[in-house]
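Colleague: My questions will all concern the structure given below.
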Amino acid sequence: MTDDEKAIRKLVDDWMAASKAGDKETVLDLVADDVVFITPFGPPFGKKEFAGARDNSDMPSIDGRSEILEMEVFGERAWIRNQIDIAITPPGGGATRMSGQTLTLLRKEADGKWRVFRDANFVKQDN
């Protein structure tokens, strides 16, 4: 495994740990300023909207796991396909479980860090 592949795997692990801890700043540092998120729940959105959604003090807790199924690195660009399984619990309880795959494009930026710059998320609620 190359250093870049290790760094990308660490990014995914850090994302999951920061999401579980409610650490918004760490999650935001893992995405590029020009990131675009694509989900089945609405139109594409960027970092500003992503950050704004995390400003609410009533944010749910997020716990789960992510497994990288495929990864390819091409110089300073890479893509990964993940399987994610998460539980989203609003304040007061009542977890919603979701699972599915994501296709994430990453870019190694000028500071040498890998960051998400495109993410297509295909999770759906589990029955």
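The values are calculated or read from the model by the stated rules, or taken from the named source; none is laboratory data. What you see is a predicted model; the values in this text were computed from it and never measured. Virtual Cβ from ideal backbone geometry, glycine too; neighbours counted across all protein chains shown.
Colleague: Of these, Asp85, Asp111, which one is surrounded by 14 or more Cβ atoms within 10 Å (Cβ to Cβ) and either acidic (Asp, Glu) or at pLDDT below 90 (or both)?
Modeller: The conditions single out Asp85.
Colleague: While we're on this one: Within the set of pairs 6+ apart or on separate chains, which have a first residue in the range 103-127 that is under 23 Å from Gly42 (Cβ atoms) and touching a residue at least 60 places away in the same chain (Cβ under 8 Å), a second that is part of a loop (DSSP other than H, G, I, E, B) and aromatic (Phe, Trp, Tyr), and C-beta atoms under 6 Å apart?
Modeller: Partner pairs satisfying both residue conditions: none exist.
Colleague: Further, regarding this structure: Search the range 114-127 for residues being part of a strand (DSSP E or B) and surrounded by fewer than 17 Cβ atoms within 10 Å (Cβ to Cβ), and hand back the single one that is nearest to the chain's Cα centre (by Cα).
Modeller: Ala120
Colleague: Within the range 1-18, can you find the residues that are under 15 Å from Arg77 (Cα atoms), touching a residue at least 12 places away in the same chain (Cβ under 8 Å) and either in contact with a Phe, Trp or Tyr (Cβ under 7 Å, 6 or more places away or on another chain) or not basic (Lys, Arg) (or both)?
Modeller: Scanning the range 1-18 gives Thr2, Asp4, Glu5, Ala7, Ile8, Leu11.
Colleague: Ok, one more. Could you tell me how many of the residues in the range 10-60 are closer than 15 Å to Ile84 by Cβ, at pLDDT below 90 and not in a helix (DSSP H, G or I)?
Modeller: So the count comes out to 3.
Yes/no matrix, rows are residues, columns are (1) among the basic types (Lys, Arg); (2) surrounded by 16 or more Cβ atoms within 10 Å (Cβ to Cβ):
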position	(1), (2)
Thr2	no, no
Lys10	yes, no
Lys24	yes, yes
Leu30	no, yes
Val35	no, yes
Pro40	no, no
Arg65	yes, no
Glu72	no, no
Arg77	yes, no
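Colleague: On the basis of being farther than 19 Å from Gln125 by Cα and part of a helix (DSSP H, G or I), does Glu72 make the cut?
Modeller: no
Colleague: Okay, moving on. Could you list, in sequence order, the residues of the range 75-104 that are over 12 Å from the mean Cα position of the chain (by Cα), within 19 Å of Asp3 (Cα to Cα) and not in a loop (DSSP other than H, G, I, E, B)?
Modeller: Selection gives Arg77, Ala78, Trp79.
Colleague: Condition check: in a strand (DSSP E or B), under 20 Å from Met1 (Cα atoms) and not aliphatic (A, V, I, L, M). Does Arg107 satisfy that?
Modeller: Yes; evaluated as a whole, the condition is true for this residue.
Colleague: Let me ask something else. In the range 1-21, what count of residues is obtained for those that are under 13 Å from the mean Cα position of the chain (by Cα) and not acidic (Asp, Glu)?
Modeller: So the answer is 11.
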